[in-house]
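**Q** Here it is, the structure in full.
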Amino acid sequence: MSPQLDLFGPSESGPDAIGASSANGYARLVDLAGRLPATIRLGTSSWAFAGWEGVMYGKPLPAPVLSCAGLANYARHPLLRTVGLDRTFYAPISADEFRRHAEQVPADFAFLVKAPQAFTAPFSYETREPSAEYLDPVPARDLFVDPCREGLGDRAGPLVFQFPPQGRAITREPVAFAGRLATFLSKLPRGPQYAVEFRDRELLVPEVMRALESAGARLCLGVHARMPPVGVQAAAATSLGPGPLVIRWNLHSGYADAEAKSRYAPFDRLVDEDPATRAAIATLAREATARADPVWIIANDKAEGSAPPALERLARAIVEPGAG
């Protein structure tokens, strides 16, 4: 790695590289990672938070530096073997951009990638005009799936289609939505593991689950104030049978996005721990591991205040039931 891009000095790992307060702290993380089943991947929703000084990064780093060089250093963390690519939700990126991300991480690292919202939002939230690309598999393939597969290769994990609030015209007719979703998913390229996440509890119905099952897609369990608890979502998806468990721990249940962001910034410590959600996620992860199903868990800073320590506590809850 070039010295200009090495944010922590010449060593490739160690306490300074991840903001651990001591060698003992780093050794604790290494030990915890070694006890976590290899089928479980934990990660955060991004790697470019300047507030992670002392939590993830060993010294203050401006956002532009983190954006272009932080990923390689994030991937050194012994506990974090995935990361969410959230920027793709707002606009597509090219195969070359995906490839640049893949080149910064080790071979056993993989990305959870969010699809552009143009394919999942029925209308523009700015202009209120209908989205011409909503549930259209052709641009979804050309602008998202194919560039992602070409650029990330075997470092591509689940491709998540997050459906923002759909509006009452759709949520009042979940069966009709399920039909459109099934058609959309069936026409996407085979090979990637697709997952679908909702912000409308009205869509957690058997017809929608059958649409996912017909395409081999999974329900991404999204922890969010608009959705029921993660265990309720998991119960709704039992008809999908064995397969990858995909969870995005997005938001503390007591707050809206803007409220959580204001309360938790600069995301340098845990503020509001959520032991009930942590325990529920840990239980689901252990159950999936017992079935030999892969597990993907992405945590956002807005879940408890800071994602890296939240994931450390979660990992401990997984390997030490009752530790919380």
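**Q** Take the residues in region 157-187 that are out of contact with any helix residue (DSSP H, G or I) (no Cβ under 6 Å at 6 or more places or on another chain) and of a type in the set (Val, Ile, Thr), then tell me which one is surrounded by the most Cβ atoms within 10 Å (Cβ to Cβ).
**A** Step one: filter region 157-187 for residues out of contact with any helix residue (DSSP H, G or I) (no Cβ under 6 Å at 6 or more places or on another chain), giving 157-169, 172-173, 176, 179-180, 183.
If we keep only those that are of a type in the set (Val, Ile, Thr) as well, we get 160, 183.
Values: Val160: 28, Thr183: 14.
If we take residues in region 157-187 being out of contact with any helix residue (DSSP H, G or I) (no Cβ under 6 Å at 6 or more places or on another chain) and of a type in the set (Val, Ile, Thr), then Val160 is surrounded by the most Cβ atoms within 10 Å (Cβ to Cβ).
**Q** Here are some residues: Arg201, Arg218, Arg210. Which one is touching a residue at least 40 places away in the same chain (Cβ under 8 Å) and farther than 18 Å from Pro139 by Cα? Talk me through it step by step, then tell me what you get.
**A** On the way: Arg201 fails: touching a residue at least 40 places away in the same chain (Cβ under 8 Å); Arg210 fails: touching a residue at least 40 places away in the same chain (Cβ under 8 Å).
The conditions single out Arg218.
**Q** Can we say Glu202 is assigned to a helix (DSSP H, G or I), within 21 Å of Ala121 (Cβ to Cβ), among the acidic types (Asp, Glu) and more than 17 Å from the chain's Cα centre (by Cα)?
**A** On the way: assigned to a helix (DSSP H, G or I): yes; within 21 Å of Ala121 (Cβ to Cβ): yes; among the acidic types (Asp, Glu): yes; more than 17 Å from the chain's Cα centre (by Cα): yes.
Against the criterion (assigned to a helix (DSSP H, G or I), within 21 Å of Ala121 (Cβ to Cβ), among the acidic types (Asp, Glu) and more than 17 Å from the chain's Cα centre (by Cα)), Glu202 qualifies.
**Q** Still on this structure: Is there a residue being in contact with a strand residue (DSSP E or B) (Cβ under 9 Å, 6 or more places away or on another chain), among the β-branched types (Val, Ile, Thr) and at pLDDT 95 or above anywhere in region 129-139? Can you show your working first?
**A** First, the residues of region 129-139 that are in contact with a strand residue (DSSP E or B) (Cβ under 9 Å, 6 or more places away or on another chain): 129-131, 134.
Narrowing further to those that are among the β-branched types (Val, Ile, Thr): none.
No; the residues of region 129-139 include none that is in contact with a strand residue (DSSP E or B) (Cβ under 9 Å, 6 or more places away or on another chain), among the β-branched types (Val, Ile, Thr) and at pLDDT 95 or above.
**Q** A further question on this structure: Output the helices (runs of 4 or more DSSP H) that fall wholly within region 59-170 and possess 1 or more residues being among the aromatic types (Phe, Trp, Tyr), or say none.
**A** 63-74, 95-102
**Q** In region 108-148, which residues are free of Cβ contacts under 8 Å to residues at least 40 places away in the same chain, surrounded by fewer than 16 Cβ atoms within 10 Å (Cβ to Cβ) and within 30 Å of Leu79 (Cα to Cα)?
**A** Asp108, the sole residue that qualifies.
**Q** For Arg190, work out the one condition from (1) surrounded by fewer than 18 Cβ atoms within 10 Å (Cβ to Cβ); (2) in contact with a helix residue (DSSP H, G or I) (Cβ under 8 Å, 6 or more places away or on another chain); (3) not in a helix (DSSP H, G or I) it doesn't fulfil.
**A** (2)
**Q** What's the total number of residues in region 94-107 that are within 17 Å of Leu42 (Cβ to Cβ) and either in contact with a Leu (Cβ under 9 Å, 6 or more places away or on another chain) or surrounded by 15 or more Cβ atoms within 10 Å (Cβ to Cβ) (or both)? Explain how you work it out, then say what you get.
**A** The first filter runs over region 94-107 and keeps only residues within 17 Å of Leu42 (Cβ to Cβ), leaving 105-106.
The next check asks that each one be either in contact with a Leu (Cβ under 9 Å, 6 or more places away or on another chain) or surrounded by 15 or more Cβ atoms within 10 Å (Cβ to Cβ) (or both); those that pass are 105.
Here the count works out to 1.
**Q** Looking only at helices (runs of 4 or more DSSP H) that fall completely inside region 258-324, which ones have 1 or more residues that are more than 17 Å from the chain's Cα centre (by Cα)? Can you show your working first?
**A** Working: elements: 275-290, 301-304, 307-319.
Fully inside region 258-324 and qualifying: 275-290, 307-319.
**Q** Scan region 211-257 residue by residue and report those that are closer than 19 Å to Ser46 by Cβ and in a helix (DSSP H, G or I).
**A** Asp257
The values are calculated or read from the model by the stated rules, or taken from the named source; none is laboratory data. Just so you know, these numbers come straight off a predicted model, no measurement behind them. Positions of Cβ are backbone-derived with ideal geometry, glycine not excepted, and every protein chain shown enters the neighbour counts.
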